[in-house]
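Data block below; observations after.
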Amino acid sequence: MHILVFAEHKADRIRVGSRSALAFATAVAGAGGDVSWLILGHELDAVAADAARFGPVLVADCPALATPLADRYAKVLADVVRQEQADMLVAASTTLVKDVVTRAAGLLGGAMASDVIGHLPGSDPLQLKRPIYAGAVTATVTLVGNPQVVTIRASAYAPVGPGERPSPVTAVPVDPSQLPNQIEFEGLESTASGRPDVTEARVVVSGGRALKNRDDFERIIGGLADQLGGATGSTRALVDTGITPNELQVGQTGKIVAPELYFALGISGAVQHLAGMKNSKVIVAINNDPEAPIFEVADYGLVADVYQAV
């Protein structure tokens, strides 16, 4: 089986979630399989060198790919999958991937499974496990069609480590004149932070409705996260009120996390939020309502006012 893994990168490094996608691809391909990275962007020498520590690399380097525009990226992904006659395209389930890889799947006309959390080794056809109904049910599915496109939850697979020696890096030609030009990059709105990404941190401290304003969130949630070297997260309620940016949202319509330690502070525990964090190794909850649903999934719970307890 020939599998390509779409690699996301940041600061000249492959993101941890993509390394988890590589772990899934390697397990599925088996001993006789062929797994390679596929990296898109511009001025990618440092990124390619980092990726080569984990496996063979295909690099599509072009000024037109400097910013991740969905129409261009999807076109290149689909073209390379066809050129390489790949059986499967794999990626970690992230905001970018949901925008780009799903579009590539449509162009390829194959079959797709998203948010995969497990697979049955040796099954033929391959059986994949994915959550549905906000994680209340786990469905076992098989894909009919070729090529197949699979996105995985990074928390479900341990990221691969580097090999003993670098793998080869191969350039993939890109013709800018053949790329779509219907989307224009205007800018990126993101809150600058020295904290780790919420999907990659060992410790995540999240806040809910108990936090009344942005300053309180930064002082209480951010302060505890900094003490623990962790990331901050929030519920959708805080995002909707403008207290926190969308990129911090944890839940069914936000980011899926599974850190070693998750703090749910002032969070009631709605099913939509639980869908994004219930697989955390240890869950600590603080809430002034002893009947809050969050205590049903918490390993440690404290009935108290967040402002006083934290």
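Please give the strands (runs of 3 or more DSSP E) falling wholly within the range 225-310 in which 1 or more residues are open to solvent by 80 Å² or more (accessible area, probe 1.4 Å) and of a type in the set (A, V, I, L, M).
300-303
Hey, any hits in the range 12-30 for a residue that's more than 27 Å from residue 202 (Cα to Cα) and modelled with pLDDT under 95?
Scanning the range 12-30 turns up at least one residue that is more than 27 Å from residue 202 (Cα to Cα) and modelled with pLDDT under 95.
Is there any pair linking a residue in the range 89-114 that is among the hydroxyl-bearing types (Ser, Thr, Tyr) to one that is at pLDDT 95 or above, with Cβ under 6 Å and at least six apart or on different chains, and which?
Note: pairs meeting the criteria are 93/151; 114/151.
List the residue pairs whose Cβ atoms are under 9 Å apart, where the first residue sits in the range 135-148 and is over 30 Å from residue 79 (Cα atoms), the second is open to solvent by 70 Å² or more (accessible area, probe 1.4 Å) and part of a strand (DSSP E or B), and the two are 6 or more positions apart or on different chains.
Within 9 Å, the pairs are 138/129; 139/129.
Mind checking which residues of the range 1-55 are part of a loop (DSSP other than H, G, I, E, B), touching a residue at least 40 places away in the same chain (Cβ under 8 Å) and under 21 Å from residue 108 (Cβ atoms)?
Within the range 1-55, 1, 7, 8 meet the criteria.
Inspect all residues belonging to the range 165-177 and state whether any of them is open to solvent by less than 50 Å² (accessible area, probe 1.4 Å) and touching a Cys at 6+ places or on another chain (Cβ under 9 Å).
yes
Scan the range 32-49 for residues that are closer than 14 Å to residue 5 by Cβ and not aliphatic (A, V, I, L, M) and jot them down.
33, 34, 36, 37
So, in the range 126-147, of the ones that are out of contact with any Pro (no Cβ under 7 Å at 6 or more places or on another chain) and open to solvent by 70 Å² or more (accessible area, probe 1.4 Å), which residue ends up farthest from residue 297 (Cα to Cα)?
146
Which of the residues that make up the range 129-152 are of a type in the set (A, V, I, L, M), more than 13 Å from residue 87 (Cβ to Cβ) and under 18 Å from the mean Cα position of the chain (by Cα)?
Scanning the range 129-152 gives 132, 134, 152.
Please work out if residue 99 is out of contact with any strand residue (DSSP E or B) (no Cβ under 9 Å at 6 or more places or on another chain), of a type in the set (D, E, K, R) and open to solvent by 10 Å² or more (accessible area, probe 1.4 Å).
yes
Report yes if some residue within the range 167-179 is farther than 17 Å from residue 104 by Cα, in a strand (DSSP E or B) and in contact with a helix residue (DSSP H, G or I) (Cβ under 8 Å, 6 or more places away or on another chain); otherwise report no.
Yes, there is a match, as at least one residue in the range 167-179 is farther than 17 Å from residue 104 by Cα, in a strand (DSSP E or B) and in contact with a helix residue (DSSP H, G or I) (Cβ under 8 Å, 6 or more places away or on another chain).
Could you check how many residues of the range 180-217 are in a loop (DSSP other than H, G, I, E, B) and either hydrophobic (A, V, I, L, M, F, W, C) or open to solvent by less than 80 Å² (accessible area, probe 1.4 Å) (or both)?
Going through the range 180-217 one residue at a time, the tally reaches 19.
What are the pairs with Cβ atoms under 7 angstrom where one residue, in the range 242-269, is more than 24 Å from residue 132 (Cα to Cα) and the other, located anywhere, is open to solvent by 40 Å² or more (accessible area, probe 1.4 Å) and part of a strand (DSSP E or B)? Sequence gap at least six, or different chains.
261/282
Please go through the range 69-88 and pick out each residue that is in contact with a His (Cβ under 7 Å, 6 or more places away or on another chain) and either open to solvent by 10 Å² or more (accessible area, probe 1.4 Å) or under 26 Å from residue 187 (Cα atoms) (or both).
Residues satisfying the conditions are 84, 85, 87.
The values are calculated or read from the model by the stated rules, or taken from the named source; none is laboratory data. What you see is a predicted model, and the numbers here were worked out from it, not measured in a lab. Positions of Cβ are backbone-derived with ideal geometry, glycine not excepted, and every protein chain shown enters the neighbour counts. Side chains are part of the model used for accessible areas, which takes the heavy atoms of the whole protein and leaves out ligands, DNA and RNA. Shrake-Rupley method; radii C 1.70, N 1.55, O 1.52, S 1.80 Å.
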